[in-house]
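The structure appears below as structure tokens.
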Amino acid sequence: MSLPPLVEPAAELTIDEVRRYSRHLIIPDVGMTGQRRLKNAKVLVIGAGGLGSPALLYLAAAGVGTLGIVEFDEVDESNLQRQVIHGQSDVGRPKAESARDSIREINPLVNVVVHNERLDNDNVMSIFADYDLIVDGTDNFATRYLVNDAAVLLGKPYVWGSIYRFDGQASVFWAEHGPCYRCLYPEPPPPGMVPSCAEGGVLGVLCASIGSIQVNEAIKLLAGIGEPLLGKLMIYDALEMEYRKLAVRKDPNCAICGDNPTVTELIDYQAFCGAVSDEAADAAADSTISVTTLSHWLKERDSGERDFVLVDVREPNEYEINQIPGSVLIPKGDFLNGGALERLSQDSQVVLHCKSGVRSAECLAVLKGAGFSDSVHVGGGVTAWVNQIDPSQPAY
Amino acid sequence: MSVSVRVPTILRTYTEGASEVSAEGASLSEVLESLDASYPGIKGRIVDEQGALRRFVNVYVGNDDVRFLDGLDTPTAEGAQVSVIPAVAGG
């Protein structure tokens, strides 16, 4: 499926631009019109790291008129193995500024807009609003779901790429014309299950393999040429030197772009992706039960074979949406301020749950610290309960 | 039915580094059982404790995501290629 060009052509190329872009201009598919479209294009690259480095360099060289960079981090020596937009003398500098300087050297005709800040729920919509296309080169699940949801809500296309060790994946997501990221991966893995590049490593040149695919797709979308990687997932295996293209379907049950979306505005992505603290992770390590176990425990409690207190640490408005039967509500804030401890007795085991298992793990750390050593929490929370035990209740 | 299973980097710790292994089964669930018999523990990275496919791992039979076919009941013909595609977030 080919798509119409994303960008209208700019008025004219200058003589300098004609000289600079001549190797594009003599490709019939690009030509003067295609290059004028690139000149008029505004592309936002999220992250000036592994994927952002080659993406920014090639987008700049290609003559994309406006390039935005969202990046809050500073250049570290360990970045230089793959983040080729930065150099030795940039160590310690803001990455966004270092990237801007490299782009100016490669192509001074590019208007670079630096967003020297962390992308979050408060700034994402206003930053995205000014761009035609987004290139996602972030390094964590929370930001990836944030980018996806903001792009879907704003109707913007984006080019996605992801890397780990020797494996790369790339696709184009555009809910108006095909699937989004949630159609491909409805939920993030629980924290700790999938290591980041910082934990697991990444082959430096893999960034170029995947980043260049992202630029390729960006240029095609901007100029309206070729077959976009929309509804396709490109999988690259650097060890086998194999590229494979698989189909990605638009999911009618997708939480944000499906027939009955449940996500209609930005959500709490840290909670969604289970960003738990080290203390919470330690507390939960050997003290997490499944909803199946909880279901058995509740039956045993009903028949007098077991004694425990089931505490829901969500907020009252969430408690109204769905509940695990037999729970009492003590919101997380009461654990953090100590008030909850006065309402609980160490004579009975305490079982905590929340929506997904993140907040309950935080509360579990507080309880363990206060001497409730046999307390546990429920992995997956009430969401898992609704999915697996009691589908008659609504999820949210 | 003998099928070929593509193993992503992240799961190759279970397959002694092999990127492609063979397994037996007429359906995806049988293939995963066979895979787990040869490489204990790998199935648990693909399906959860309740036996459902994990929602951050996609399994393809041929070029199609089994979520849009018959899930774990998706038939696997002789010589089919099963691919396990986990979510990764590195950038």
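The values are calculated or read from the model by the stated rules, or taken from the named source; none is laboratory data. It should be emphasised that the depicted structure is a prediction, and the values quoted were computed from it without experimental measurement. Virtual Cβ from ideal backbone geometry, glycine too; neighbours counted across all protein chains shown. Areas reflect the complete protein model, heavy atoms only, side chains present, ligands, DNA and RNA absent. Shrake-Rupley method; radii C 1.70, N 1.55, O 1.52, S 1.80 Å.
Scanning region B:58-73 for residues that are more than 8 Å from every other protein chain (Cβ to nearest Cβ) and either open to solvent by less than 20 Å² (accessible area, probe 1.4 Å) or part of a strand (DSSP E or B) (or both) gives B:Val59, B:Val61, B:Val66, B:Gly71.
Consider A:Ile26 against the criteria (1) free of Cβ contacts under 8 Å to residues at least 12 places away in the same chain; (2) open to solvent by 70 Å² or more (accessible area, probe 1.4 Å); (3) within 27 Å of the chain's Cα centre (by Cα): it satisfies all of them except one. Which criterion is unmet? In the conditions (1) free of Cβ contacts under 8 Å to residues at least 12 places away in the same chain; (2) open to solvent by 70 Å² or more (accessible area, probe 1.4 Å); (3) within 27 Å of the chain's Cα centre (by Cα), A:Ile26 misses (3) alone. Taken over region A:134-150, the criterion of being over 14 Å from A:Gly47 (Cα atoms) and either surrounded by fewer than 24 Cβ atoms within 10 Å (Cβ to Cβ) or in contact with a helix residue (DSSP H, G or I) (Cβ under 6 Å, 6 or more places away or on another chain) (or both) is satisfied by A:Tyr145, A:Asn148, A:Ala150. Filtered by the rule that a residue be outside any strand (DSSP E or B) and more than 7 Å from every other protein chain (Cβ to nearest Cβ), region B:77-91 gives B:Ala77, B:Glu78, B:Gly79, B:Ala80.
Which ones in region A:321-338 are within 21 Å of A:Val386 (Cβ to Cβ), free of Cβ contacts under 8 Å to residues at least 24 places away in the same chain and open to solvent by 20 Å² or more (accessible area, probe 1.4 Å)? Selection gives A:Val328, A:Leu329, A:Pro331. Picking from residues in region A:59-77 that are charged (D, E, K, R) and not in a helix (DSSP H, G or I), the one that is nearest to A:Thr143 (Cα to Cα) is A:Glu71.
Restricting attention to region A:322-334, the residues that are at pLDDT 90 or above and not in a strand (DSSP E or B) add up to 7. Residues that are of a type outside the set (A, V, I, L, M, F, W, C) and free of Cβ contacts under 8 Å to residues at least 60 places away in the same chain were ranked within region A:150-161; the one that is farthest from A:Ile213 (Cα to Cα) is A:Gly155.
Report yes if A:Arg244 is basic (Lys, Arg) and in a helix (DSSP H, G or I), otherwise no.
Values: basic (Lys, Arg): yes; in a helix (DSSP H, G or I): no.
Answer is no for this residue.
Does region A:153-174 hold any residues that are more than 10 Å from chain B (Cβ to nearest Cβ) and either of a type in the set (Asp, Glu) or open to solvent by less than 30 Å² (accessible area, probe 1.4 Å) (or both), and which are they? Of everything in region A:153-174, those that are more than 10 Å from chain B (Cβ to nearest Cβ) and either of a type in the set (Asp, Glu) or open to solvent by less than 30 Å² (accessible area, probe 1.4 Å) (or both) turn out to be A:Gly155, A:Pro157, A:Tyr158, A:Val159, A:Ala170, A:Ser171, A:Val172, A:Phe173, A:Trp174. Filtering region A:347-361 to residues that are open to solvent by 10 Å² or more (accessible area, probe 1.4 Å) and either at pLDDT 90 or above or farther than 13 Å from A:Thr288 by Cβ (or both) leaves A:Asp347, A:Ser348, A:Gln349, A:Lys355, A:Arg359. Residues in region A:362-396 that are part of a loop (DSSP other than H, G, I, E, B) and under 26 Å from the mean Cα position of the chain (by Cα) were compared, and the one that is nearest to A:Ala271 (Cα to Cα) is A:Gly380.
Residue pairs whose Cβ atoms lie under 7 Å apart, separated by 6 or more positions or on different chains, with the first residue in region A:57-83 and not assigned by TED's automatic domain parsing to the domain that holds A:Asp130 and the second open to solvent by 50 Å² or more (accessible area, probe 1.4 Å) and modelled with pLDDT under 95, do not occur. Could you tell me whether any residue of region A:309-320 is in contact (Cβ under 8 Å) with a residue 24 or more places away in the chain and open to solvent by 50 Å² or more (accessible area, probe 1.4 Å)? No, region A:309-320 has no match at all.
Yes/no per residue for (1) within 14 Å of chain B (Cβ to nearest Cβ); (2) in a helix (DSSP H, G or I); (3) modelled with pLDDT of 95 or more; (4) under 21 Å from A:Lys220 (Cα atoms):
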residue: A:Gly92; (1), (2), (3), (4): no, no, yes, no
residue: A:Glu97; (1), (2), (3), (4): no, yes, yes, no
residue: A:Ser102; (1), (2), (3), (4): no, yes, yes, no
residue: A:Glu105; (1), (2), (3), (4): no, yes, yes, no
residue: A:Leu109; (1), (2), (3), (4): no, no, yes, yes
residue: A:Val113; (1), (2), (3), (4): no, no, yes, no
residue: A:Asn121; (1), (2), (3), (4): no, no, yes, no
residue: A:Met125; (1), (2), (3), (4): no, yes, yes, no
residue: A:Tyr131; (1), (2), (3), (4): no, no, yes, yes
